[in-house]
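Notes follow once the structure below has been shown.
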Amino acid sequence: MVAPVVYAGWMSVFRERSSGLGFGGVERTFAGLANYSAVLADPEFRTSFLHVATYCVLYIPVMIGGALGLALLVDSAHARAKRFFQLAFFLPHAVPGLIAAIIWIYLYTPGLSPVIEWIDGAGGSWNFFSPANSLSSMVNIAVWQWIGYNMVIFFAALQAVPREVIEAATVDGAGAWRIAVGIKVPIIRSSVVMTVLFTCVGAIQLFTEPRLLSDKAQALGNDWSPTMYIVSKAFIDQDYAGAAAASLLLALVAGALSFVVTRIGKRWQES
């Protein structure tokens, strides 16, 4: 696990140069932190983090709130066919991310999608690939794939809530909404924090959805997210040292983000 990080660190402090027309081989020289400075000075690299931050502002509340709401509904005393709904909500997560993105691109494409036909038939109009809608189209794919997975985590945590606590609240006159929001959710705070943490770390590594959508949504570009920037740097610009430096900077940001989310979650659990 440490070896790739060490190798990336070693690559990031060197610079490769080809002499003449490339017949003289590649010369590797020590560059120190120059690759890190170059990456940090690149506005496309900084903007890619802004894109992901915007994505998280929309994605995380929808996904976490939706998964928690579904778990509370399935866990409610009036719910029926609980196992069926668990399986139905979890099934999209069994679809590989690449396949899920291709399926949704099909559903977003005019002339192929029945969804577009329904919208047009109702007198409406919607372009899923337009600059204004490409972000929500991307969030929709990720929510569809992950909401059931997180719902199962929340539902498992809700099953561990002591039944006598719920019965005591019911005897005291608490309604279903108050029991859900005032008792169940605070008890499963650790599961909520863990899910938010994993979601943040996953979001900052976003690649598949924007990469595939960028073929149709030209506004996304080839370096919309940090991981897309790294891939573009390595395999289009052939700048492996810069890609290694960007990778380590991304890992540093992910680590700092994990620390912040963990600290905030710990304070919430202690409150």
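The values are calculated or read from the model by the stated rules, or taken from the named source; none is laboratory data. Owing to the predicted nature of the structure, the values given are computational and were not obtained by experimental measurement. Heads up, the Cβs are rebuilt from the backbone with ideal geometry, glycines too, and the neighbour counts pull from every protein chain shown. Heads up: the accessible areas ignore ligands, DNA and RNA and are worked out on the full protein's heavy atoms, side chains in. Shrake-Rupley method; radii C 1.70, N 1.55, O 1.52, S 1.80 Å.
For the chain, adding -39500 (n - 2.57) for each run of n ≥ 4 DSSP H residues and dividing by the number of residues yields -22500 deg cm²/dmol at 222 nm.
Relative to the longest principal axis of the Cα atoms of the chain, the long axis of helix 134-159 makes an angle of roughly 50 degrees. For region 181-256, the relative contact order is 20 percent, taking Cα pairs closer than 8 Å that sit 6 or more residues apart in sequence and dividing their mean separation by the residue count. Counting only protein heavy atoms and a probe of 1.4 Å, the accessible surface of the chain is 67% carbon and sulfur. Spatial offset of region 165-194 relative to region 218-271 amounts to 36 Å, using the alpha carbon center of each.
Dipole of the chain computed with +1 at Lys/Arg Cβ and -1 at Asp/Glu Cβ about the Cα centre; of G121, S271, F84, farthest Cα towards the positive end is S271. The spacing between region 140-158 and region 66-137, judged by their C-alpha centroids, is 13 Å. When only the Cβ of Lys, Arg, Asp and Glu is charged (+1, +1, -1, -1), the dipole of the chain relative to its Cα centre reaches about 620 debye. Relative contact order for the chain: 28 percent, from Cα pairs under 8 Å spaced at least 6 residues apart, divided by residue count. Between N133, N35, N150, the Gaussian network model of the chain with springs among Cα atoms under 10 angstrom shows the greatest mean-square fluctuation at N133.
Please report the relative contact order for region 105-156, taking Cα pairs under 8 Å with a sequence separation of at least 6, and give it as a percent rounded to a whole number.
Details: 24 pairs, mean separation 9.3, N = 52.
About 18 percent, as a whole number.
Of all lysines in the structure, the ones whose alpha carbon falls short of 29 Å from that of K216, not counting any fewer than 8 places away in one chain, are K233. Any chance you could give the angle, 0 to 90 degrees and rounded to 10, that helix 2-12 forms with the longest Cα principal axis of the chain? Rounded to the nearest ten degrees, it is 40. Over the chain, accessible surface divided per residue gives 56 Å², non-protein components excluded, 1.4 Å probe.
Ranking F30, F259 from most to least accessible surface, computed with a 1.4 Å probe over the protein chains only, gives F30, F259. Of the trypsin sites (Lys or Arg not before Pro) found in region 42-98, those that fall in a DSSP loop while having at most 11 other beta-carbon atoms within 10 Å are R80.
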